[in-house]
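J.: A single structure is presented below for examination.
Derivation of every value follows stated rules applied to the coordinates shown; laboratory data play no part. It should be emphasised that the depicted structure is a prediction, and the values quoted were computed from it without experimental measurement. Cβ atoms come from the backbone with ideal geometry, glycine included; neighbour counts cover every protein chain shown.
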Amino acid sequence: MSDKKSKCAFIICGEGGHLEQARIFLKSVTRDLDWILITENDTDLSRFEKQNIELVSPVSKYTKNLNIINNFNFIISVARLIFRACYYLYKYKPSVIVNLGPFIGLPFLAIATFLNVRTVHIETRSRFQTISRSGKIAYYFSKVFFVQNPTLLVLNQKFKYVGRLEDD
Amino acid sequence: MTNILITTGTTHFNSLCELGSKWGRQIQGRIIIQDKEFTGNHEVLPNVSSVRWIKNIEYYVNQVDLVVTHCGAGSVFKLLQQDIRFVVCPNYERSDDHQIELAGYLRNYQLAPVKSIVELNNYEIRDLIEISRRDRYNKYVRPRQFDMLEFMEILDFASIDNNSE
């Protein structure tokens, strides 16, 4: 399914600070790829009017407070997310997938691993000493793993640092 | 008139929101609580209002006397970059611990006062405003900006490595 000539790229993120990082990332992307933002459908997207956006059911909110109801909702949401991931990967055939976390991008990365797509995880900028839970899983599905704080470089040789996503 | 903004980003942080109501009884000014999913029990006071989102939060943080924020990266880095005086309260009500590391970073580099919800509960709001004004904190030095060209170069190398395997 992989299309080497595909000009499409995904940037996938959850809400809050992750979405803010996506906004900063998209401000500086090069024009040789058409970026599509994939995020959760219950978040404030007023700053993304000009971007191509695809929405998925929220997952992040169920992982923040673990209880029986949230665990059940989480399983349902993950099933829907996997279906959506397959659909969007088939529809757009991206050549690059960038995951900014938290959980939402993992199904995309996992499926894309089998499709010869360049998969990237950018660890959140709030991590200085340890990797996040989603980062630990994304590590196995990403060809390149970026950290936003150089203090994390000592943890793994695979980690790359090219700066922190911050507004100009 | 003293005005206060409490922001909790996109996460439940009921104890901080409830603290807003408590502070509302201590001051004449307004308290605005931004909380996407506030479900706690708080007393309805005329000078305390709750909103899900604040679109121009960069503008509002300049209009208030004190900003009290959770320790989310989006909120904290925005305030640091704007050079706003603020008090940080890490959210331990979450199941993950990512706010702890950012709180440690703020503490280690003395960038902002970090107070737990228990500590905040022990403060009168006037004392907290005084602390945020009186104590000296370091100016935020921006780290290296994310280099998109280097990012794309590394991606291209990854692609070449992958094709040659």
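J.: Give a residue-ordered list of calculated ³J(HN,Hα) values for region A:102-111 (Karplus: 6.51 cos²θ - 1.76 cosθ + 1.60, θ = phi - 60°; whole Hz; x for Gly, Pro).
T.: Coupling constants for region A:102-111: x, 7, 3, x, 4, x, 4, 5, 4, 5 Hz.
J.: At 0.36 nm per residue, minus the direct Cα-Cα distance, what do B:ASN108 and B:GLU124 gain on full extension? Give it in nm, one decimal, please.
T.: Result for the pair: 3.2 nm of gain on full extension.
J.: Something else now. Extending each Cα 7 Å along its Cβ direction at A:ARG47 and B:SER50, get the distance between those two points in nm, one decimal.
T.: Inter-label distance under the simple model: 2.5 nm.
J.: Now a separate question. Which loop chymotrypsin sites (Phe, Trp or Tyr not before Pro) in region B:76-165, with loop taken from DSSP, have no more than 13 other Cβ atoms within 10 angstrom of their Cβ?
T.: Listed in order of number, the matching sites are B:TYR109.
J.: Quantify how strongly other chains surround peptide A:117-130 by giving the mean number of their Cβ atoms within 10 Å of each of its Cβ atoms.
T.: That average works out to 4.
J.: Among B:13-19, A:119-125, A:74-80, what's the highest-first ranking by average C-beta atoms within 10 angstrom per residue?
T.: The densest-packed peptide leads the list: A:119-125, B:13-19, A:74-80.
J.: Hey, another quick one. Given R₀ = 51 Å, FRET efficiency for A:ILE68-B:ASN62 by Cβ-Cβ distance, to 0.05?
T.: Computed FRET efficiency for A:ILE68 and B:ASN62: 0.75.
J.: DSSP loop (so not H, G, I, E, B), at most 15 other Cβ within 10 Å: list which trypsin sites (Lys or Arg not before Pro) in region B:52-122 pass both filters.
T.: Within region B:52-122, the qualifying trypsin sites (Lys or Arg not before Pro) (loop, at most 15 other Cβ atoms within 10 Å) are B:ARG52, B:LYS55.
J.: Sort out for me the Cα centre separation of region A:23-56 from region B:19-80, rounded to whole Å.
T.: Using only Cα atoms to place each centre, the spacing works out to 27 Å.
J.: A further question on this structure: Need one number: nm distance between label points at A:ILE76 and A:GLU54, each 7 Å from Cα along Cα→Cβ, rounded to one decimal.
T.: 2.3 nm
J.: Kindly express, to the nearest 10 degrees and within the range 0 to 90, the angle between helix B:125-134's C-alpha long axis and the longest C-alpha principal axis of chain B.
T.: 50 degrees
J.: Mind listing which chymotrypsin sites (Phe, Trp or Tyr not before Pro) in region A:91-168 are in a DSSP loop and have 13 or fewer other Cβ atoms within 10 Å?
T.: A:PHE114
J.: Right, another one. Report, as an integer, the average count of C-beta atoms from other chains found within 10 Å of each Cβ along B:69-78.
T.: 5
J.: Can you give the calculated 222 nm mean residue ellipticity of chain A, where each DSSP H run of n ≥ 4 adds -39,500 (n - 2.57) and the sum is split over every residue, rounded to the nearest 500 deg cm²/dmol?
T.: Result for chain A: -10500 deg cm²/dmol, rounded to the nearest 500.
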